[in-house]
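S.K.: Below you will find the structure I want to go over with you.
Only the coordinates and a few stated rules stand behind these numbers; no lab work does. Remember, it's a predicted structure, so these values are computed and weren't measured experimentally. Backbone-built Cβ (ideal geometry, glycine too); neighbour counts: all protein chains shown.
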């Protein structure tokens with residue numbers, strides 16, 4: 001696999017950094033090179049939290065990058081904040097429940113994809129697994145890690161919580177699967193191409 | 001030394017966690033510190049690890065105190081270290097100066113943040129001048145600029161040995177990106193790689209009597225006579241210069257036929273490495289030169305790279321407004337190669353930035 005660059009962005013507390021860390025660790029456990037860096041300092045003061053993750057089969061250079069292969073914006077503010085990381089080859093993903101104006105969306109993108117992640121989390125699962133749906137979506141879009149590796153990484157990160165409450169395990173795995181399907185479906189249907 | 005790591009093992013960790021583990025396997029006895037972002041987790045990890053291995057930790061009231069307690073601790077024969085950043089690095093220059101004056105084997109990990117003043121808590125390469133030549137002395141220090149977690153691990157182990165072998169203060173110069181990012185690291189016990197750790201030794205209360213078989217230690221940071229100070233500084237400078245060749249480290253790629261040499265240090269050198277590969281693939285003869293030690297500086301090696309390549313231009317890329325450039329210019333004074341610069345103080349530099357700059361100046 002060649003270099004894949006992903007930017008995840010959302011509000012503090014949405015779990016953006018947690019899923020970035022789990023994804024990077026899952027890739028590392030599959031003997032890939034991975035590099036994850038949070039932007040830090042501002043999110044605790046009310047800014048948008050961004051995670052930069054890179055996957056490769058060779059050594060990764062600079063920790064940040066110019067344009068991402070996939071950008072996922074998890075809040076309305078995050079859409080405009082991350083537009084700069086979207087280039088002609090970028091899949092730009094956001095929640096189609098957001099009220100965003102045309103000018104907030106990136107000017108350049110390979111595809112802009114809206115997925116019903118928040119609605120699905122709230123209605124079918126639980127708001128707390130919203131970020132895991134997004135993690136599933138990233139896997140569906142990029143194949144940076146296998147579904148099983150992602151499950152293993154979730155287990156190793158949250159296993160101690162799953163032990164206390166086995167329903168949580170099921171909920172998280174279900175969210176991961178729904179997110180993956182959601183992204184695969186969106187890819188098949190197409191979206192706004194080359195806007 | 002206890003077998004801490006077991007068989008060499010791969011892990012996926014932050015740079016700060018890397019630093020704490022490296023100090024542990026290097027046999028550090030004690031850390032003194034005061035919290036400041038982005039190095040806090042070095043303290044956090046150390047305080048979790050230290051009690052399990054009989055090592056110590058003290059949080060002092062500020063960085064001045066942290067620096068001086070390290071100065072005291074090493075004199076008693078303890079392998080002690082500290083870690084800081086930004087304004088904390090400014091405060092520690094006074095104790096670091098004492099370490100230069102008294103030839104104390106101190107090790108400090110610096111994770112650069114944005115400046116001046118409190119700047120940002122994130123990242124920069126703006127503590128180069130401060131770390132190489134800070135204090136009211138002559139820069140008699142050893143400064144390793146790391147580019148990866150493996151560097152942080154390897155150079156902390158090496159740094160302790162250089163400090164205790166040569167008795168010059170040693171600095172591991174990282175940055176906020178390296179501190180906070182996660183990437184693969186191979187951890188090992190130094191002994192398993194054939195690295196013998198220099199045993200710490202007391203500088204005070206040593207055995208024997210002066211005039212009866214042992215020389216005085218001369219642990220002094222103040223002199224009443226100008227001539228006395230002059231003599232000491234000249235002696236230390238001569239010893240430092242004599243060691244330069246054995247301490248200097250650098251990395252060089254594709255300089256043999258380069259039209260332009262890209263000079264960078266620390267985490268920026270990773271982007272420079274990628275940029276050179278991409279430029280070469282496009283038929284542009286770019287070379288890569290990275291000083292690993294910023295003090296002493298690999299000036300002979302850089303002059304040699306310039307001479308053998310016949311390069312017309314040297315592009316200096318750094319996340320500061322000319323700190324590496326000033327250091328480099330004084331070290332290669334007299335060279336006529338044209339120097340171009342890519343200064344991005346307080347923000348990262350990626351291959352894209354370097355490639356664009358190279359194309360705009362060639």
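S.K.: So if I take the centroid of the Cα atoms in the range B:284-362 and the same for the range B:1-37, what is the distance between those two points in Å?
M.R.: 32 Å
S.K.: Summarise the partner chain shielding of B:115-123 as one whole number: the mean count of Cβ atoms from other chains within 10 Å of each residue's Cβ.
M.R.: Taking all residues of B:115-123 together, the mean is 2.
S.K.: Provide the percentage of antiparallel DSSP beta bridges, counting only those with both residues in chain A; round to the nearest 5.
M.R.: 55 percent
S.K.: Which of A:121, A:183, A:150 moves the most in a Gaussian network model of chain A with Cα springs under 10 Å?
M.R.: Looking only at A:121, A:183, A:150, the biggest GNM fluctuation is shown by A:121.
S.K.: Anyone know which of B:54, B:135, B:266 comes out most mobile in the 10 Å Cα GNM of chain B?
M.R.: Result for chain B, Cα springs under 10 Å: B:54 fluctuates most.
S.K.: Additional query: Can you bin every Cα-Cα distance in the range B:1-152 into 10 Å intervals starting at zero and give me the percent of pairs per bin, rounded to whole numbers?
M.R.: 11, 42, 37, 10, 0
S.K.: Other chains' Cβ within 10 Å of A:32-39 residues: what's the mean?
M.R.: That average works out to 5.
S.K.: Then there's this: Order by neighbour count: B:343, B:171, fewest other Cβ atoms within 10 Å first, most last.
M.R.: B:343, B:171
S.K.: Which of B:252, A:170 has the fewest other C-beta atoms within 10 Å, and how do the rest follow up to the most?
M.R.: A:170, B:252
S.K.: Among A:181, B:299, rank each residue by its count of other Cβ atoms within 10 Å, from fewest to most, as a rough exposure measure.
M.R.: Fewest to most other Cβ atoms nearby, the residues stand as A:181, B:299.
S.K.: I would also like to ask the following. Using the per-residue mean of other Cβ atoms lying within 10 Å as a proxy for protection, in what order, highest first, do the peptides B:181-188, B:311-318, B:207-214 fall?
M.R.: Ranked by mean Cβ neighbours within 10 Å, highest first: B:311-318, B:181-188, B:207-214.
S.K.: Using only Cα atoms, locate the centre of the range A:74-92 and the centre of the range B:213-234, then give the distance between them in Å, rounded to an integer.
M.R.: 62 Å
S.K.: Comparing B:196, B:331, B:227, which has the greatest mean-square fluctuation in the GNM of chain B with Cα pairs linked when under 10 Å apart?
M.R.: Sorting by GNM fluctuation, first place goes to B:227.
S.K.: Next question, about the same structure. Between the range B:59-75 and the range A:130-155, what's the alpha-carbon centroid distance in Å?
M.R.: With the range B:59-75 and the range A:130-155 each reduced to a Cα centre, they are spaced 46 Å.
S.K.: How would you classify chain A from its alpha-carbon gyration tensor, with a ≥ b ≥ c the square roots of the eigenvalues: rounded for a/c under 1.5, else prolate if a/b is greater than b/c, otherwise oblate?
M.R.: Here chain A falls in the rounded category.
S.K.: How well do other chains shield peptide B:143-150, expressed as the mean number of their Cβ atoms within 10 Å of each residue Cβ?
M.R.: 1
S.K.: Another question about this same structure. What fraction of the DSSP beta bridges in the protein assembly as shown is antiparallel, stated in percent and rounded to the nearest 5?
M.R.: 40 percent
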